[in-house]
1. If amide H atoms are built 1.01 Å from N in the plane of the peptide, which residues on other chains or at least 5 residues away come under 5 Å of the amide H of Thr50?
2. Sorting Thr201, Thr50, Thr37 on the 10 Å Cβ count, fewest up front, what's the list?
3. Quick check on the chain: helices-only [θ] at 222 nm, where DSSP H runs of length 4 and up contribute -39,500 (n - 2.57) each and the sum goes over total residues. Nearest 500, please.
4. How much length would be gained if the chain were fully extended between Tyr26 and Asp61, taking 0.36 nm per residue of separation minus their Cα-Cα distance, in nm to one decimal?
5. Classify segment 2-200 as rounded, prolate or oblate from the Cα gyration tensor: take a ≥ b ≥ c as the square roots of its eigenvalues, call it rounded if a/c is under 1.5, otherwise prolate when a/b beats b/c and oblate if not.
6. Pick from Gly146, Gly89, Gly41 the residue whose mean-square fluctuation is largest in a GNM of the chain, springs joining Cα atoms under 10 Å.
7. Could you work out the relative contact order of the chain, using alpha carbon pairs under 8 angstrom and six or more residues apart, expressed as a whole percent?
8. Which entries of Lys2/Lys108; Lys124/Lys190; Lys17/Lys152 show an alpha-carbon separation above 32 angstrom in the structure shown?
Amino acid sequence: MKSLKSIYNFLAWYYRKLESIFIDNYLGVKTSGIISTIVPGYPDVYYCETLYYWHLRKIFDQVTIHKSDVFYDLGSGYGRVLFYAAEIGFSKIEGFELRPDAYALAIKNIAGYRNNKSCDITIKCMDVADVDVSKADVIYMYNPFGLATLKKVIEKNAVLPKGIQIIYFFNENIECVNYMNSLKWAKVEKVRKLPCNIYTT
Ligand SMILES: C[S@@+](CC[C@H](N)C(=O)[O-])C[C@H]1O[C@@H](n2cnc3c(N)ncnc32)[C@H](O)[C@@H]1O
């Protein structure tokens, strides 16, 4: 029985990987791969990597989206989530990325995506600690950095308008998710079977 489970897990992983390659091709982008270089002056920057589209569908199925909503990805990497956000109907989409090499790839991807679709996507190469997130309706973070930067982002934006949804995919980053859970939210929802919470202000 154990080996049947591992066959199923392998097939599920393979399907998700192929699906992501297919969707990237369809959208005219290339958003997979890992960049793990050190960024001088930023000791708690995590790898540049991304989830499969399968995960994104699962996560965003639990997010309430309105037509005029603004989406921010804090640590936007190659831009996969920006394109996904455009596909599911956000009206304005902004990404913020510290790594110049990931930023350059994302800019190239935006050009490729625009060949196929009209959209309002922008990315800035900057530290998220300097971002005012109060204009966003939905904020996404896929385990981008450690506790020091997470605290800076939250403390800088301590008073946020009501109703902002913050998607936080924490992987095994218990320290950071404990910090998020310790704050006061109107609602906290767990994404089923994923290490991801949705916090509503
Ligand atoms: C795990 S990746 C997620 C990429 C993207 N959100 C996605 O899901 O496809 C985290 C990204 O956050 C970026 N990052 C880490 N610290 C940052 C900071 N202080 N300011 C901006 N970006 C940062 C990293 O360079 C990396 O590209």
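Please treat every number below as a calculation from the coordinates, not as lab data. Remember, predicted model here, so these are calculated numbers, not experimental data. When we count neighbours, we look across all protein chains shown, and the Cβ atoms used for this are built from the backbone with ideal geometry, even at glycine.
1. Close amide H contacts, sequence-distant or interchain: Gly33.
2. Details: Thr201 18, Thr50 21, Thr37 11.
Arranged by neighbour count, lowest to highest, Thr201, Thr50, Thr37 become Thr37, Thr201, Thr50.
3. Details: 6 runs with 76 residues, N = 201.
Dividing the helical sum by the residues of the chain leaves -12000 deg cm²/dmol.
4. On the way: separation 35, 0.36 × 35 = 12.60 nm, distance 2.12 nm.
Stretched out fully, the Tyr26 to Asp61 stretch lengthens by 10.5 nm.
5. Values: a/c = 1.31, a/b = 1.13, b/c = 1.16.
It is rounded, given that a/c, with a ≥ b ≥ c, falls under 1.5.
6. Top of the fluctuation ranking is Gly41.
7. Working: 320 pairs, mean separation 36.4, N = 201.
Relative contact order comes out at 18 percent.
8. Working: Lys2/Lys108 44 Å; Lys124/Lys190 29 Å; Lys17/Lys152 34 Å.
Checking Cα-Cα distances, Lys2/Lys108; Lys17/Lys152 exceed 32 Å.
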